[in-house]
Amino acid sequence: MVLVMSERALYYAGCMASYRVPSIARATVRILRTGGINFDVLGDKEKCCGSVLLRTGQHDIAEKVIKENAEILNSYDRVITTCAGCYRTFKLDYPEFLSFDVEILHTSEVIVELLREGKLKLSPKNVTLIYHDPCHLGRHSKVYDAPREILSMIPEARVVEFERNREDSLCCGAGGGVRSAFPELAKKVASYKIEEAKEKNVELIVSACPFCEYNLRDVSEGMDVKDIAEVVAELLEVNDNVES
């Protein structure tokens, strides 16, 4: 992937990063600006991508939302999103409903390219961290390597793996409407991941999905849980003069 700065790009924050975990959206904006990427945001015109509607079987309403969104998104060359659910929905679901040829990129795919090109540089962080594969980004969309490569580029950081990782990764517990319908079950599943991280003497759990971070944080019991965009934004060397 080559990041052509002249192409029209949109940063689509998604519902979670817009309302529940806005620190992820702020981190992403700082990263994109630092990396020299020109992009638009929709602000209050941004609608839900339709993922929740699709996963809960409300296909008629979802189709209406998808068509409305596509009218806007089709005017861009690429759409960058922080949310694994939005990424999966745009990339795999939208083409099933209509003509949709926009390049869809997850934040991690953009960040890793900016690091490779030397447009971002990370400060050292002496920490043991572990990466949690979100279901929508991993099993559904097969994005496994970009987040891990980013973490491997953090000087002095030690990266370990969950016993179940990549295509075998255990869900955070929140997806598929579980957190809404069965909140205690969602917390119970998340607690398994927290306990395993503690057993491995991990100091930081990193994910690439706002919903995963949100659910894991609920049962973190002092364990630090962050999105990969938050981690990168915190470690950007201070030479960009961009407010976070």
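The values are calculated or read from the model by the stated rules, or taken from the named source; none is laboratory data. Fair warning: this is a prediction, and the values are worked out from it, not measured in the lab. When we count neighbours, we look across all protein chains shown, and the Cβ atoms used for this are built from the backbone with ideal geometry, even at glycine. Ligands, DNA and RNA are stripped out before the accessible areas are found, and what is left, the full protein with its side chains, is counted by its heavy atoms. Shrake-Rupley method; radii C 1.70, N 1.55, O 1.52, S 1.80 Å.
Size descriptors for the stretch 1-74: radius of gyration and Dmax over Cα atoms are 14.2, 40 Å.
The accessible area of LYS67, taken with all protein chains in place and a 1.4 Å probe, comes to roughly 100 Å².
For the stretch 116-244, the fraction of 1.4 Å probe accessible surface lying on carbon and sulfur atoms is 47 percent.
As a ratio to 2.2 N^0.38 Å, the alpha-carbon radius of gyration for the stretch 154-215 is 1.18. Cysteine residues of the chain whose C-beta has no other cysteine C-beta under 4.7 angstrom: CYS15, CYS48, CYS135, CYS171. Only protein heavy atoms count here; under a 1.4 Å probe, GLU149 has an accessible surface of about 50 Å². Placing a label point 7 Å from the Cα of ARG164 along the Cα-to-Cβ direction, the residues of the stretch 96-134 whose backbone N falls under 18 Å from that point are 130-134. At a Förster distance of 35 Å, what's the computed FRET efficiency of GLU7 paired with GLU196, Cβ-Cβ distance as r, to 0.05? That gives a FRET efficiency of 0.30. Each label was represented as a point 7 Å from its Cα along the Cα-to-Cβ direction; for LYS121 and ARG20 these points are 3.8 nm apart.
Working from the alpha-carbon coordinates of the stretch 6-47, get Rg over Rh, Rh being the Kirkwood radius.
Reported Rg/Rh (Cα atoms, Kirkwood Rh): 0.97.
Cα-based values for the stretch 73-210, radius of gyration first and Dmax second, are 16.3, 48 Å. For the chain, DSSP calls about 5 percent of its internal beta bridges antiparallel. Legend: residues LEU32, LEU185, sorted from most to least accessible area (1.4 Å probe; ligands, DNA and RNA excluded), read LEU185, LEU32.
In this label model, THR128 and SER152 are separated by 2.1 nm, measuring between points 7 Å along each Cα→Cβ vector.
Our summary gives the stretch 77-227 a relative contact order of 24 percent, counting only alpha carbon pairs under 8 angstrom and 6 or more residues apart. Over the C-alpha trace of the chain, radius of gyration and Dmax come out as 17.3, 50 angstrom. Which percent of Cα-Cα pairs in the stretch 114-169 sits in each 10 Å bin, short to long? Values per bin, smallest distances first: 23, 46, 29, 2.
PHE182 exposes around 120 Å² of accessible area when a 1.4 Å probe is run over every protein chain in place. Over the C-alpha atoms of the stretch 16-138, the Rg to Rh ratio, Rh being the Kirkwood estimate, stands at 0.99.
The distance between label points at VAL178 and GLU203 comes to 3.0 nm (points 7 Å beyond Cα on the Cα→Cβ vector).
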